Amino acid sequence: IMNLDECSLWQEYVEKWLNNGYSESDIDPRVLVDQICTYVKKFYYINDESVYKMLALYIYTTYFYELLDEIPYIYLNGEKGSGKSVLGAVFYLLCFNAKMTASITEASLFRMVSLEGGTVILDEMENLTSRKQSSDSPMAAILKAGYARGANTYRVNRDQGDRVEKFDCYGPKIIGNIFGLDDVIADRCIPINTYRLKLTKENRKEDPKYYRKEKLPEVRELTSKCCFSALKYFKELHKIKHSALFETD
């Protein structure tokens, strides 16, 4: 149903896990978040250490999103050449079952999210810069609702005898553009501002696309361990989630 290179869980690491090839510490959330943080630092320079940690935590959270009722988006905003696409490529490399596109219709988006799940990286979304521009946009409507569970889209399938089909739009998404976002969509986002930097020996970084081409097995071992970690800690997080709920009048 999906490109195997975009699948975070690889068969060879499943077999290793089943044969007790990983210890408890290998799939410990703190260990994995630190490893994710190290990878982000390989590719992108940020002068605030807390931003690295937040990005790593978000990436790890994408492996648990089906447990949650809501998940915010990440919004990458900055001028051309400031590194938005690089950060998008980092998310594409490390997030759960990530897909990245700079051009997609709203129909393709909700079908992809509903049928494949995972994380969607939407680059160059310049048609969402204001409420006026996005008021009649089906894409904007999907993004305004898709941060929360129950955001369904309905379509009539003429080839199936006018059968009504339901598509679930919920899931983690990363949105990048230059000129800003509709304020309603922006309210669903964690904003990350990117800036142009003069390259020096201190801030020169590696290319995440190289890792996707030449070192993907190395990365997929980390993403596979994130999958195993989600399986191990799913029930524990479920208990924490419900213990944190409270009733209101």
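The values are calculated or read from the model by the stated rules, or taken from the named source; none is laboratory data. Computed from a predicted structure; not experimentally measured. Reconstructed Cβ throughout: ideal geometry from the backbone, glycine too, with neighbour counts over all protein chains shown. All accessible areas refer to the heavy atoms of the entire protein, side chains included, with ligands and DNA or RNA removed. Shrake-Rupley method; radii C 1.70, N 1.55, O 1.52, S 1.80 Å.
Worth a mention:
- Summing Cβ point charges (Lys, Arg +1; Asp, Glu -1) relative to the Cα centre of the chain gives a dipole of roughly 500 debye.
- Gyration tensor (alpha-carbon) shape descriptor, the stretch 34-104, a/c threshold 1.5: oblate
- Between the listed residues Ser50, Ile178, Phe110, the Cα displaced farthest toward the positive end of the dipole of the chain, a dipole computed from Cβ unit charges relative to the Cα centre, is found at Ile178.
- For Met100, the residues 5 or more places off, or on other chains, whose built amide H falls under 5 Å of its own are Ile121.
- Restricting attention to the chain, close to 30% of DSSP beta bridges with both partner residues there are antiparallel.
- Full-stretch length increase - Ala102, Ser243 - with 0.36 nm per residue and alpha-carbon distance subtracted: 46.8 nm
- Cα-based shape type of the stretch 172-249, given that a ≥ b ≥ c are square roots of the gyration tensor eigenvalues and the cut on a/c is 1.5: oblate
- Residue-normalised accessible area of the chain, given per residue in Å² at a 1.4 Å probe: 55
- Percent carbon-and-sulfur accessible area, the chain, ignoring ligands, DNA and RNA, probe 1.4 Å: 51
- Rel. contact order, % - alpha carbon contacts under 8 angstrom, at least six apart, the chain: 29
- Annotation for the stretch 27-103 versus the stretch 157-226: alpha-carbon center distance of 8 Å.
- Projecting the Cα atoms of His242, Cys189, Leu94 onto the dipole axis of the chain, where Lys and Arg carry +1 and Asp and Glu carry -1 at the beta carbon, places Leu94 farthest toward the positive end.
- The listed peptides 173-184, 146-157, ordered by packing as a protection proxy, come out as 173-184, 146-157 (highest mean of other Cβ atoms within 10 Å first).
- Answer label for Cα Rg over 2.2 N^0.38 Å (calculated), chosen among (i) 1.14; (ii) 1.05; (iii) 0.99: (ii)
- Net charge dipole size for the stretch 140-249 [Lys, Arg +1 and Asp, Glu -1 on Cβ; Debye, nearest 20]: 540
- Shape of the stretch 1-140, Cα gyration tensor, a/c cut at 1.5: oblate
- Charge sum, other residues only, whose C-beta stays under 12 Å from Met112's C-beta, Lys/Arg counted +1 and Asp/Glu -1: -1
- Under 27 Å between alpha carbons - lysine pairs in the stretch 13-92 that sit 8 or more apart or on different chains: 9
- Distance between modelled label sites at Leu231 and Val51, nm, 7 Å Cα→Cβ extension: 3.6
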